[in-house]
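Chemist: Below is one structure. I have some questions about it.
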Amino acid sequence: MKIYGVTGWKNAGKTGLMERLVAEMVARGLRVSTVKHAHHSFDVDHPGRDSYRHRQAGAGEVLLASRNRVALMRELRGAGEPRLDDLLAMLAPCDLVLIEGYKRDRHPKVEAFRAETGNALIAPGDPTIRAVASDVALDLDRPVFDLNDTSAIAEFILAEVGL
């Protein structure tokens, strides 16, 4: 299983780029999975639903299954946040896992960058960022792609991972 990341500051265009890359790569016949880091509490369940009630009652894990999808919810209950490697080990086999966020982890990444956010580039201080996808021209020591040139960014990533 190959992995590649999309990182950047808030509102830099990471999620849109991830969405376009997944669609592009799936259209090319690849099996793609994703991992998304959240810096806040989130819930994929809704109050009043049976699975929510199971978790609220204290279940450590709730597996929700139908003929369309399976969702496993694991309550950490004060345990530390799982490491990226542990999360990747939970995924079914696929050709490529695209990882959104996890900027401090050491896997190769493309940085999404929008000038309007006013944030500095991460790339100059991080050798794991192999390219930047930007909405403005940049002079860097690594490839810079137009943020909306999904095909070129996909080609770069696939070449990097050997797919």
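Chemist: When the range 36-65 is examined, which residues are found to be basic (K, R), outside any helix (DSSP H, G or I) and closer than 23 Å to P82 by Cα?
Modeler: Matches in the range 36-65: K36 only.
Chemist: Quick check: anything in the range 65-85 at pLDDT 90 or above and within 21 Å of G162 (Cβ to Cβ)?
Modeler: Yes, the range 65-85 contains at least one residue that is at pLDDT 90 or above and within 21 Å of G162 (Cβ to Cβ).
Chemist: Tell me, yes or no, whether the range 143-158 has at least one residue that is touching a strand residue (DSSP E or B) at 6+ places or on another chain (Cβ under 9 Å), assigned to a loop (DSSP other than H, G, I, E, B), under 17 Å from V35 (Cα atoms) and modelled with pLDDT of 95 or more.
Modeler: no
Chemist: Take the range 116-147 and flag every residue that is of a type in the set (G, A, S) and more than 17 Å from Y4 (Cα to Cα).
Modeler: Across the range 116-147, the qualifying residues are G118, A120, G125, S134, A137.
Chemist: Select from the range 12-36 the residues that are β-branched (V, I, T) and either closer than 15 Å to K109 by Cα or surrounded by 14 or more Cβ atoms within 10 Å (Cβ to Cβ) (or both) and list them in ascending order.
Modeler: T15, V22, V32, T34, V35
Chemist: Determine whether the range 87-102 contains at least one residue that is of a type in the set (D, E) and under 27 Å from V44 (Cα atoms).
Modeler: Checked the range 87-102: at least one residue is of a type in the set (D, E) and under 27 Å from V44 (Cα atoms).
Chemist: Follow-up question, since we're still on this one. Scan the range 1-35 for residues that are part of a loop (DSSP other than H, G, I, E, B) and among the aromatic types (F, W, Y) and jot them down.
Modeler: Within the range 1-35, just W9 meets the criteria.
Chemist: Go through the range 1-15 and give me each residue that's among the charged types (D, E, K, R) and over 10 Å from the mean Cα position of the chain (by Cα).
Modeler: Result: K2, K10.
Chemist: Also, I was wondering about something else. Of all residues in the range 100-123 being basic (K, R) and at pLDDT below 95, which is surrounded by the most Cβ atoms within 10 Å (Cβ to Cβ)?
Modeler: Across the range 100-123, the extreme among qualifying residues is K103.
Chemist: Based on this model, can you work out whether I99 counts as within 17 Å of S33 (Cα to Cα) and within 21 Å of the chain's Cα centre (by Cα)?
Modeler: yes
Chemist: Please verify whether the range 31-39 includes one or more residues that are within 27 Å of K10 (Cα to Cα) and of a type in the set (S, T, Y).
Modeler: There is at least one residue in the range 31-39 that is within 27 Å of K10 (Cα to Cα) and of a type in the set (S, T, Y).
Chemist: Here's something else I'd like to know. Scan the range 25-43 for residues that are touching a strand residue (DSSP E or B) at 6+ places or on another chain (Cβ under 8 Å) and under 12 Å from E75 (Cα atoms) and jot them down.
Modeler: none
Chemist: If you check V32, V97, V6, V44, which single one turns out to be modelled with pLDDT under 90 and either closer than 22 Å to V132 by Cα or of a type outside the set (F, W, Y) (or both)?
Modeler: V44
Chemist: State whether the residues of the range 74-83 include one that is on the phi < 0 side of the Ramachandran plot, crowded, with 17+ Cβ neighbours inside 10 Å and of a type outside the set (G, A, S).
Modeler: no
Chemist: Take the conditions among the acidic types (D, E), in a strand (DSSP E or B) and touching a residue at least 24 places away in the same chain (Cβ under 8 Å) and apply them to E111. Does it pass?
Modeler: Yes: the conditions hold for E111.
Chemist: Counting just the residues of the range 37-58 that are over 12 Å from the mean Cα position of the chain (by Cα) and small (G, A, S), which one comes out surrounded by the fewest Cβ atoms within 10 Å (Cβ to Cβ)?
Modeler: Of everything passing the filter in the range 37-58, S41 is surrounded by the fewest Cβ atoms within 10 Å (Cβ to Cβ).
The values are calculated or read from the model by the stated rules, or taken from the named source; none is laboratory data. Keep in mind the model is a prediction, meaning the values are calculated, not measured. So basically every Cβ, Gly included, is an ideal-geometry build from the backbone, and we count neighbours across all protein chains shown.
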